[in-house]
Amino acid sequence: MNIEALQPYHEWFLLLHILAAIAGLGANMTYVFWLAWSERDRAYFDVAVRGVHRLDRVLTNPAYAVILLTGILLILGQETWPFDQPWLVAGIVLYFVSGIVSVTLFVPAIRTQLAEAERGPGGPTYQAAARRSRLMAWVGVAIVVVVVWLMVVKPGAPLTDTDHAAANAI
């Protein structure tokens with residue numbers, strides 16, 4: 001589907017899409033380090049874990065909403081990449097999988113970690129909750145990295161005129 005009225009804004013939508021991806025993935029990648037920091041230095045536990053939670057609400061979630069909106073606009077405004085491209089479908093599916101992982105696994109893991117920390121940090125229940133939080137953070141990052149790879153590499157996509165021009169310039 002091609003909505004011609006969107007075409008003049010394609011580069012702006014693409015720029016916003018890429019900036020939002022950088023912000024979302026960048027914030028996601030910091031979660032693992034914040035959580036590890038909170039484990040090494042208990043004095044910063046509250047700041048680190050609550051910081052991850054706030055970063056998720058204030059930066060990461062809005063960034064992923066912008067990615068979704070601009071992604072839809074890019075698909076609707078461009079006929080170069082029809083929706084039946086396997087890399088595009090896989091990227092969209094994984095985008096939603098990452099959201100499901102975040103909502104159903106990562107957020108509850110962080111909440112459990114916070115609750116266990118209040119009961120007594122350092123115990124086996126807390127340690128299990130902390131491991132789960134870190135694991136879910138890494139799973140989320142891994143999924144998003146695969147989505148970024150799909151969007152950049154576009155495996156199996158036909159070459160565009162831009163691709164041919166770039167290849168000929170080399």
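The values are calculated or read from the model by the stated rules, or taken from the named source; none is laboratory data. These numbers come from a predicted model, not from an experiment. So basically every Cβ, Gly included, is an ideal-geometry build from the backbone, and we count neighbours across all protein chains shown. When the accessible area is computed, the model is the full protein with side chains, heavy atoms only, and any ligands, DNA or RNA have been set aside. Shrake-Rupley method; radii C 1.70, N 1.55, O 1.52, S 1.80 Å.
Summary of values
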read-out: Inter-site label distance for GLU118 and PHE83 at 7 Å from Cα along Cβ, in nm; value: 4.4 nm
read-out: Cα pair distances exceeding 16 angstrom across the stretch 1-74, given as percent; value: 56 percent
read-out: Sorted largest first, extent of the chain alpha carbons per principal axis (Å); value: 60, 32, 26
read-out: Separation between Cα centres of the stretch 1-61 and the stretch 74-129, rounded to whole Å; value: 12 Å
read-out: Estimated [θ] at 222 nm from DSSP helical runs (n ≥ 4, -39500 (n - 2.57)) normalised by residues in the chain, nearest 500; value: -25500 deg cm²/dmol
read-out: Positive minus negative residues near HIS53 (Lys, Arg vs Asp, Glu; Cβ under 12 Å); value: +2
read-out: Computed over the stretch 42-104, Kirkwood Rh from alpha-carbon pairs, angstrom; value: 13.8 Å
read-out: Relative contact order (percent, whole number), the chain, Cα cutoff 8 Å, 6+ residue spacing; value: 30 percent
read-out: Fraction of accessible area attributable to carbon and sulfur, the chain (%, probe 1.4 Å); value: 69 percent
read-out: Charge dipole (the chain, unit charges on Cβ, about Cα centre) - positive-most of LEU15, ALA27, GLY120; value: GLY120
read-out: Phi to ³J(HN,Hα) by Karplus 6.51 cos²θ - 1.76 cosθ + 1.60 over the stretch 11-17, Hz, x for Gly, Pro; value: 5, 5, 4, 5, 4, 4, 4
read-out: Per residue, in Å², the accessible surface of the chain once ligands and nucleic acids are set aside, probe 1.4 Å; value: 60 Å²
